[in-house]
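Inspection log for the structure reproduced underneath, given as C-alpha cells.
The values are calculated or read from the model by the stated rules, or taken from the named source; none is laboratory data. Just so we're clear, the structure is a prediction, and the values are computed from it rather than from any experiment. Every residue, glycine as well, gets a Cβ built from its backbone with ideal geometry; the counts of neighbours run over all protein chains shown. These accessible areas exclude ligands, DNA and RNA; they are computed on the full protein's heavy atoms, side chains included. Shrake-Rupley method; radii C 1.70, N 1.55, O 1.52, S 1.80 Å.
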Amino acid sequence: NAGVTQTPKFQVLKTGQSMTLQCAQDMNHEYMSWYRQDPGMGLRLIHYSVGAGITDQGEVPNGYNVSRSTTEDFPLRLLSAAPSQTSVYFCASSNDRGYSPLHFGNGTRLTVT
Amino acid sequence: ELKVEQNPLFLSMQEGKNYTIYCNYSTTSDRLYWYRQDPGKSLESLFVLLSNGAVKQEGRLMASLDTKARLSTLHITAAVHDLSATYFCAVDSPGNQFYFGTGTSLTVIP
C-alpha cells in the first residue's frame, strides 16, 4: 500500500515553461487536493476534487490547472511557470472529507528561475 | 475567508517542561486537525477533533477543541527532543476546503 505518491521530488523550471506534477493514490479516496507550502504561510489550498470528474478552486488557484479523470490520479499543471510559483507542493487525499485526516504525499520541491 | 491563527510561531522549550500551542479560527467549524511536520518531510496526522469538548491524547501530546471559543490547544507535557518539529492545525470549512495555520516551530533543548 503506497498511499499518496507524488512525482517528481524536485524540479527546476525556467520562467514560462510548463509542467505537470503527478499525484496518485491507491486508497480509493474520493477527496484529493493540492497545496503549496511557503515559509511563514502554512499550507494554502490550490485546487481540490471530491470525485472523478469534479474539481474546484481553492485559495490560490491562479496559474494552475487540474483534472480528475480517475479516482486514483489528480495531476497539477503549471501553465506558464513564474518565480512566484517556487514552492513545495503537496498532494493530499482523504476517504471521507471532514471526518478523516488528510493523507499527504512526500512533496515536490519546485524552483522557477 | 476562514482564517486560522496559531501562536506562538516559534517555541523553544527545555526538556521536561510543559507548554501549550494555541489555534484560533475565524468561523464556525466542528472539525479541527493537528499535523506534525519534520524538516524536509511531509505532514503526518496527529489528532482529529470532531466535536465541541473533544479531547485526544497520544503520549506527551494532548489536543482539545472548544468550538464555541473557536479555539484548539495542543498541550505538550514533559517535552523531549523527539517532539522537535513544526505543528500545524487545520480547520475544515463547509465549502470542502481545509485551511491551515501558519505552523508552530517547536525546538526542545536539553
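Note on residue A:52 and residue B:14: with the Förster distance fixed at 41 Å, the Cβ-Cβ geometry gives a FRET efficiency of about 0.20.
Counts of other chain beta carbons within 10 angstrom of each beta carbon in peptide B:96-108 average 5. Taking the centroid of alpha carbons for each part, region B:24-75 and region A:51-103 are 23 Å apart. Accessible surface ranking for B:36, A:109, 1.4 angstrom probe, highest first: A:109, B:36. Across chain A, C-alpha contacts under 8 Å between residues 6 or more apart give a mean separation that, scaled by the residue count, equals a relative contact order of 36 percent. Within region A:1-61, the ratio Rg/Rh, alpha carbon atoms throughout and Rh by Kirkwood, equals 0.99.
Computed from label points 7 Å out along Cα-Cβ, the spacing between residue A:22 and residue B:56 is 3.2 nm. Protection proxy ranking of A:74-80, A:89-95, A:28-34, by the mean of other Cβ atoms within 10 Å over each peptide's residues and highest first, is A:89-95, A:28-34, A:74-80. Counts of other chain beta carbons within 10 angstrom of each beta carbon in peptide A:43-50 average 3. In this label model, residue A:15 and residue B:45 are separated by 4.1 nm, measuring between points 7 Å along each Cα→Cβ vector. Legend: calculated FRET efficiency, residue A:69 to residue A:99, from the Cβ-Cβ distance at R0 = 22 Å, rounded to 0.05, equals 0.25. Compared with the direct C-alpha span, the chain from residue B:1 to residue B:22 gains 5.6 nm at full extension, assuming 0.36 nm per residue. At a Förster radius of 25 Å, what calculated FRET efficiency corresponds to the Cβ-Cβ distance of residue B:77 and residue B:38, to the nearest 0.05? That pair, residue B:77 with residue B:38, gives E of 0.80. In this label model, residue A:82 and residue A:30 are separated by 3.5 nm, measuring between points 7 Å along each Cα→Cβ vector.
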